Amino acid sequence: MSAVALSPLRLWVVAARPRTLPAAVSPVLVGTALAGYEDVFHSARFLCALIGSIFIQIGTNLANDYSDARRGADTEDRLGPVRVTAGGLMPPRRVLIGTWVAFGIAVAAGMYLVAVAGWQLLLVGAASIAAGVLYTGGPRPYGYEGLGELFVFLFFGIVAVAGSYYVQTERLRWEAFALAVPIGLLAAAILVVNNIRDIDTDRRAGKRTLAVRLGRLRARRLYAAMIAVAFVSPVVIAAAGGLTWFILFPLLALPLAVPLVRAVGTHTDGPSLNAALGGTGKLLAAYSILLAVGILMST
């Protein structure tokens, strides 16, 4: 891949890493669906929550691209798709500017939500952006210490689902946190695949991701366990009296999950794991849509 072969728009699309964007869209759909279960829906709030979540994800991806290149973590022998900074497709300063533009759009959307739903969302937004920047940036990036999956689970699961519900209703209920668990697990599973793929190059670069810390075998088992718990979660929530059995709709996505677990558990080559990463994003999208439909049908 070269800068000559790609238009500027295509370069920005590559840098934004569209395969990861289901992690930004899915929690907003689920949290908003739970509000819809209560016959509450504010279209402008939904749109701003969606824009904010997507551009926090894009800003995080761009910040990661920039910081990894500066630290020498993205080398030529990595198995994943080319990174625009390390690959010389964009000047570092342009990627950095794009990072802050993306976060700026997220802030603009978030300020509307703060105005209509409360100052508490200002803290949530600030923490989310800080988590995105410090993933691979700052003096001690937590992504280099094996904490990336935990932060993805928290911010693209618990915070995003409960927050999306809160901006609609301005209150919280236990189901919002329970429904956030499978969404957060599947979002974090995307990162697990990414880190399993890059385990050798990350180890050489001194990037101690969770996969590097656990080793390939245990990281594969972790991925399988996260997928399994995600599919068990709706059963537990329904059995506990949260919503109705319609929230078992995500089980229809199980045929998508089985080959992914098999692929991550057996393959080590870049193309196969890149496909599994994209497939995990699609699984998250399908799961969240089915869950949102099941929640709305519970009314």
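General observations
- Qualifying residue in segment 173-180 (condition: of a type outside the set (A, V, I, L, M, F, W, C) and not in a helix (DSSP H, G or I)): yes
- Looking across segment 264-294, the residues that are in contact with a Ser or Thr (Cβ under 9 Å, 6 or more places away or on another chain) and either open to solvent by less than 20 Å² (accessible area, probe 1.4 Å) or under 19 Å from residue 164 (Cα atoms) (or both) come down to 264, 277, 281, 284, 285, 287, 288, 289, 291, 292, 294.
- The single condition among (1) open to solvent by 30 Å² or more (accessible area, probe 1.4 Å); (2) touching a Ser or Thr at 6+ places or on another chain (Cβ under 9 Å); (3) aliphatic (A, V, I, L, M) that residue 30 does not meet is (1).
- Considering segment 190-246, the residues that are among the hydroxyl-bearing types (Ser, Thr, Tyr) and part of a helix (DSSP H, G or I) include one that is nearest to residue 292 (Cα to Cα), namely 233.
- Counted residues, segment 122-134 - those being open to solvent by less than 30 Å² (accessible area, probe 1.4 Å) and modelled with pLDDT under 90: 1
- Assessment of segment 241-261 against the conditions (surrounded by fewer than 14 Cβ atoms within 10 Å (Cβ to Cβ) and among the β-branched types (Val, Ile, Thr)) yields at least one matching residue.
- Test: residue in segment 141-161 that is over 20 Å from the mean Cα position of the chain (by Cα) and either closer than 19 Å to residue 28 by Cα or modelled with pLDDT under 95 (or both): no
- Residue that is modelled with the highest pLDDT, among those in segment 46-76 that are open to solvent by less than 30 Å² (accessible area, probe 1.4 Å), assigned to a helix (DSSP H, G or I) and among the charged types (D, E, K, R): 65
- For segment 174-189, the tally of residues that are open to solvent by 10 Å² or more (accessible area, probe 1.4 Å) and either free of Cβ contacts under 8 Å to residues at least 40 places away in the same chain or β-branched (Val, Ile, Thr) (or both) stands at 2.
- Number of positions in segment 248-275 that are within 18 Å of residue 293 (Cβ to Cβ) and in contact (Cβ under 8 Å) with a residue 60 or more places away in the chain: 1
- Residue 260 vs. criteria in a helix (DSSP H, G or I), more than 17 Å from residue 157 (Cα to Cα) and either out of contact with any Cys (no Cβ under 6 Å at 6 or more places or on another chain) or not polar (S, T, N, Q) (or both): yes
- Segment 94-121, subset in contact with a Lys or Arg (Cβ under 9 Å, 6 or more places away or on another chain) and open to solvent by 20 Å² or more (accessible area, probe 1.4 Å), residue nearest to residue 60 (Cα to Cα): 112
- For segment 203-220, the set of residues classified as closer than 25 Å to residue 256 by Cα and under 20 Å from the mean Cα position of the chain (by Cα) consists of 210, 211, 219, 220, listed by residue number.
- Of all residues in segment 286-297, those satisfying the criterion of being among the hydrophobic types (A, V, I, L, M, F, W, C) and within 19 Å of residue 228 (Cβ to Cβ) are 286, 290, 291.
- Among the numbered conditions (1) of a type in the set (S, T, N, Q); (2) within 18 Å of residue 129 (Cβ to Cβ); (3) modelled with pLDDT of 95 or more, the only one that residue 26 does not meet is (2).
The values are calculated or read from the model by the stated rules, or taken from the named source; none is laboratory data. Predicted model only: the values in this text are computed from it and were never measured. Glycine gets a Cβ as well: all are built from the backbone with ideal geometry, and neighbour counts include every protein chain shown. Calculation scope for accessible area: heavy atoms of the full protein, side chains included, ligands and nucleic acids excluded. Shrake-Rupley method; radii C 1.70, N 1.55, O 1.52, S 1.80 Å.
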